[in-house]
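Here is the structure we will look at.
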């Protein structure tokens, strides 16, 4: 059974650019969550999607957005990148809203 | 605001020894998770604890949950080098609110 797949795995951007990250959940999983991991702030919740609807959003500025498609695949977008957005972005999927989370390998973003 | 505190944050120990990692949280919850992260890798789910008094064991690791004390422990028995990793606890308030709140992680090094 394939796990959570995130693309791209690594990317480098410059300040002011935007980036889109993609996540394919485990087959049959309908909930997708996104987390940001940095050395300073640790792991922080970004948002959660279920059945194409954003259920919750963490304390991040509006530059961070996401969406979920009918096949449960999800994308997140960060616009007007700042140096502080450099992080490992982790996607996790679960069967339902309160299920165990299974994490992907992450997308490591470096902003120069 | 839910706060999750782990201690210690750094632990260096010898093979064969026993030790316990503690996870305290500030708001009532009966859903707690333990994850392992190897350097440069994603999060691997270790234990899901869903009720007061829950105890789960896998190999040399055992996790428990005391919801009244708002405390979970991860006990390592007769440590081996392969258990070197960063261990995170995460608390779920339920209903999907705010996703998981993670502790800062315990960086565990087990020396031969």
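Throughout, read-outs are computed from the coordinates displayed, never taken from laboratory work. Predicted, not measured: the structure shown is a model, and the values here were computed from it. With ideal geometry, Cβ positions are generated from the backbone for all residues, glycine too; neighbour counts draw on all protein chains shown.
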Would you mind classifying the protein assembly as shown by shape? Square roots of the alpha carbon gyration tensor eigenvalues, ordered a ≥ b ≥ c; an a/c under 1.5 is rounded, otherwise it is prolate if a/b is larger than b/c and oblate if not. prolate
Within a Gaussian network of chain A (alpha carbon springs, distance under 10 Å), most fluctuating of A:52, A:100, A:75: A:100
Quote the relative contact order of the range A:1-92 in percent (integer), defining contacts as alpha-carbon pairs under 8 Å separated by 6+ residues. 34
Relative pair counts by distance (%), Cα atoms of the range A:53-112, 5 Å bins: 4, 14, 24, 28, 18, 9, 3, 0
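If contacts are Cα pairs under 8 angstrom and at least 6 residues apart, what is the relative contact order of chain B in percent? Could the numbers behind the result be given before it?
Values: 285 pairs, mean separation 40.7, N = 112.
Reported relative contact order: 36 percent.
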Kirkwood Rh over alpha-carbon pairs of chain B plugged into Stokes-Einstein at 25 °C, 0.890 mPa s gives a D in µm²/s of 175
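Roughly how crowded by other chains is peptide A:68-76, in terms of the mean Cβ count from those chains within 10 Å of each of its Cβ atoms?
Working: counts 0, 0, 0, 0, 0, 0, 0, 0, 0.
Counting Cβ atoms of other protein chains within 10 Å of each residue's Cβ and averaging gives 0.
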In a solvent-free Debye calculation with one equal scatterer on each Cα, what is log10 I(q)/I(0) for chain A at q = 0.20, 0.21 Å⁻¹, listed in the order of the q values? -1.01, -1.11
Under the 0.36 nm per residue contour assumption, what length would be gained going from the current alpha-carbon distance of residue B:24 and residue B:7 to full extension? 5.3 nm
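What order do you get for B:1, A:82 when you list them from fewest to most C-beta neighbours inside 10 Å? Provide the component values of the computation, followed by the final result.
Values: B:1 7, A:82 12.
Sorted ascending by nearby Cβ count, the order is B:1, A:82.
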What residue among B:19, B:87, B:35 has the largest mean-square fluctuation in a Gaussian network model of chain B, using Cα springs under 10 Å? B:19
Plugging the Cβ-Cβ distance of residue A:67 and residue B:58 into 1/(1 + (r/R0)^6) at R0 = 30 Å yields, to the nearest 0.05, a FRET efficiency of 0.25
Extended-chain gain in nm, criterion 0.36 nm per residue less alpha-carbon gap, residue B:38 and residue B:14: 6.8 nm
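With the radius of gyration and the Kirkwood radius both derived from the Cα set of the range B:1-67, what is their ratio Rg to Rh? Let's see the in-between values first.
Working: Rg = 13.0 Å, Rh = 13.5 Å.
Ratio of gyration radius to Kirkwood radius for the range B:1-67: 0.96.
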The range A:1-16 and the range B:53-83 have their Cα centres apart by a whole-number Å value of 32
Each residue of A:42-53 has, on average, a number of other protein chain C-beta atoms within 10 Å of its C-beta equal to 3
